[in-house]
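For reference, the structure is listed below as structure tokens.
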């Protein structure tokens, strides 16, 4: 299997040699102009081979998001809301859903999580108010920051909140790393396996999963970076093809990427120059999907009015 670093399960599967792995099923379909891929990992050996935990990984791809197409934004947020709603457990006795936005506000490609939290409709503090006439679910949210700024592990804060709030589910949002730079800004992954903060940039922290906190964890993310070594590999492949070399040279390219990743340059990540707009748009799309999923009784206009 080629050595690759990616948070996207579909890319990990695409980079396998055989194209088929026992214990992994892959489905593809299209809805409203959005390409949808589901990777279902049911076997421990398959999970080890793909370097992804067992579970379901749903990927929404829509290149028109880069063009800021309003119809595409609406389609993706609607599909995301539908799929989040499908994964959410029943929340009885007024138990809230806790939205956790991981990342560093001061670093643009890592600020997706906090940006989504800023746009999430929180309701836990107002459900008893006399002016609330519609049925609303209890939602609370936090952007815990990063260890290097706060001196506190994100998991430590989340564990404390889980003990105090006893949420029925955690909805976690984070920036991801992609294998293919073309997926930056137009791909969203949704999974029921939780998340490992910092995994996308090689900074592994304690995982945020149902096993670690005792509460179902759904994670949503969009790729905002790729590794420099990966871009170097793709550049050499492109130059070789431009020079008329029909040989794929996969083994040599994989060896080069593996060597670069093991060197100092291997930890360097790259992001597009328009990342500010990409993250801002992505935060709005993902937050819209979350708000629709968590407040199905409210219209988009009502959600927007309560956010003002």
Under the condition of being under 20 Å from the mean Cα position of the chain (by Cα) and not in a helix (DSSP H, G or I), which residue from segment 140-154 is farthest from residue 103 (Cα to Cα)? 140
Could you run through segment 48-91 and say how many residues are free of Cβ contacts under 8 Å to residues at least 24 places away in the same chain and either farther than 21 Å from residue 186 by Cβ or crowded, with 19+ Cβ neighbours inside 10 Å (or both)? 2
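Yes or no, residue by residue, for (1) crowded, with 16+ Cβ neighbours inside 10 Å; (2) touching a helix residue (DSSP H, G or I) at 6+ places or on another chain (Cβ under 8 Å); (3) part of a strand (DSSP E or B); (4) modelled with pLDDT under 90:
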residue	(1), (2), (3), (4)
218	yes, yes, yes, no
225	yes, yes, yes, no
247	no, yes, no, yes
255	no, no, no, yes
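Inspect all residues belonging to segment 62-80 and state whether any of them is under 22 Å from residue 209 (Cα atoms) and at pLDDT 95 or above.
Pass one, segment 62-80, residues under 22 Å from residue 209 (Cα atoms): 80.
Imposing the further condition that a residue be at pLDDT 95 or above reduces the set to 80.
Yes.
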Quick one: is residue 120 modelled with pLDDT of 95 or more, buried (at least 17 other Cβ atoms within 10 Å of the Cβ) and farther than 21 Å from residue 291 by Cβ? no
Residue set 98, 157, 161; condition at pLDDT 95 or above, assigned to a helix (DSSP H, G or I) and over 29 Å from residue 33 (Cα atoms); output residue 161
Out of all the residues in segment 273-282, is one or more modelled with pLDDT of 70 or more and more than 15 Å from residue 184 (Cβ to Cβ)? no
Working only within segment 10-43, note down all residues that are surrounded by fewer than 13 Cβ atoms within 10 Å (Cβ to Cβ), in a loop (DSSP other than H, G, I, E, B) and free of Cβ contacts under 8 Å to residues at least 24 places away in the same chain. 17, 18, 19, 20
Going residue by residue through segment 158-168, is there one that turns out to be closer than 21 Å to residue 283 by Cβ, surrounded by 23 or more Cβ atoms within 10 Å (Cβ to Cβ) and in contact (Cβ under 8 Å) with a residue 40 or more places away in the chain? yes
Which one of 86, 105 is closer than 27 Å to residue 72 by Cα and part of a helix (DSSP H, G or I)? 86
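The values are calculated or read from the model by the stated rules, or taken from the named source; none is laboratory data. Predicted, not measured: the structure shown is a model, and the values here were computed from it. Every residue, glycine among them, receives a Cβ derived from its backbone with ideal geometry; neighbour counts consider all protein chains shown.
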